[in-house]
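One structure is given below, encoded as structure tokens.
The values are calculated or read from the model by the stated rules, or taken from the named source; none is laboratory data. Note that the structure is predicted; figures quoted are calculated from it, not measured. Methodologically, a virtual Cβ is constructed for each residue, glycine included, from the backbone with ideal geometry; neighbour enumeration extends over all protein chains shown.
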Amino acid sequence: MDCIFCNIVAGKIPNDIIYQDEEVIAFRDINPQSPVHLLVIPRKHFTSLVQITEREKPLMGHMVTVANQLAKDEGISETGYRLVINCGQQGGQLVPHLHLHVMGGRQLSGQLG
Ligand code: AMP
């Protein structure tokens, strides 16, 4: 399957990876919606949250922990930030590879959608 984020994981698409370990990688969103807009993705392909089960509990916890650390590194821990996972068409998901948005650096709207 040709997945854009799998291609980033595989190094086939030039990308500024700002964090990586055995489980996840993180990079800046190509079309940032806030001054800080990062994506944390699992190396393994999951199409969406729908595929996540009990087995992925450690992975999901790790993604949030990495997001928190990156928020700290980017200097938005104190001012606040938002973690978002869009799931499926009506959830606003455009890229069918699970990803966690880390957004901050400006006042985000209280409205969700
Ligand atoms: P979503 O709507 O939750 O699926 O979000 C997908 C996000 O991926 C969007 O914010 C896009 O701007 C971002 N995106 C798509 N292609 C790339 C890419 N090659 N590098 C970085 N971010 C990307």
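One residue stands out in the stretch 97-107 among those that are surrounded by 21 or more Cβ atoms within 10 Å (Cβ to Cβ) and more than 10 Å from the ligand (Cβ to nearest atom): the one that is nearest to SER77 (Cα to Cα), namely GLY104.
Counting the residues of the stretch 46-77 that are touching a residue at least 40 places away in the same chain (Cβ under 8 Å), in a loop (DSSP other than H, G, I, E, B) and of a type outside the set (Val, Ile, Thr) gives 2. Scanning the stretch 85-113 for residues that are outside any loop (DSSP other than H, G, I, E, B) and under 13 Å from ILE41 (Cβ atoms) returns LEU100, HIS101, VAL102.
Screening GLY110, GLY75 for residues that are more than 24 Å from ILE4 (Cα to Cα) and either at pLDDT below 95 or within 10 Å of the ligand (Cβ to nearest atom) (or both) leaves exactly one candidate, GLY110.
The C-beta contact set for the stretch 78-106 (first residue within 21 Å of GLU56 (Cβ to Cβ), second residue of a type in the set (Lys, Arg) and more than 10 Å from the ligand (Cβ to nearest atom), distance under 7 angstrom, 6+ apart or interchain) is empty.
Yes/no per residue for (1) polar (S, T, N, Q); (2) within 12 Å of the chain's Cα centre (by Cα):
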{"residue": "LYS44", "(1), (2)": "no, no"}
{"residue": "THR47", "(1), (2)": "yes, no"}
{"residue": "LEU70", "(1), (2)": "no, yes"}
{"residue": "GLU74", "(1), (2)": "no, no"}
{"residue": "LEU83", "(1), (2)": "no, yes"}
{"residue": "ASN86", "(1), (2)": "yes, yes"}
{"residue": "HIS97", "(1), (2)": "no, yes"}
{"residue": "GLY104", "(1), (2)": "no, no"}
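Residues that are touching a His at 6+ places or on another chain (Cβ under 9 Å), loosely packed, with under 12 Cβ neighbours inside 10 Å and charged (D, E, K, R) occur in the stretch 16-24; there is at least one.
Scanning for something within 15 Å of the ligand (Cβ to nearest atom), part of a loop (DSSP other than H, G, I, E, B), small (Gly, Ala, Ser) and over 15 Å from the mean Cα position of the chain (by Cα), does the stretch 9-29 turn up at least one residue? Yes. Of everything in the stretch 78-100 that's in contact with a strand residue (DSSP E or B) (Cβ under 6 Å, 6 or more places away or on another chain) and β-branched (Val, Ile, Thr), which residue is farthest from ASP2 (Cα to Cα)? Result: VAL84.
All of LEU83, LEU94 fail the test of being within 15 Å of the ligand (Cβ to nearest atom) and surrounded by fewer than 12 Cβ atoms within 10 Å (Cβ to Cβ), apart from LEU94.
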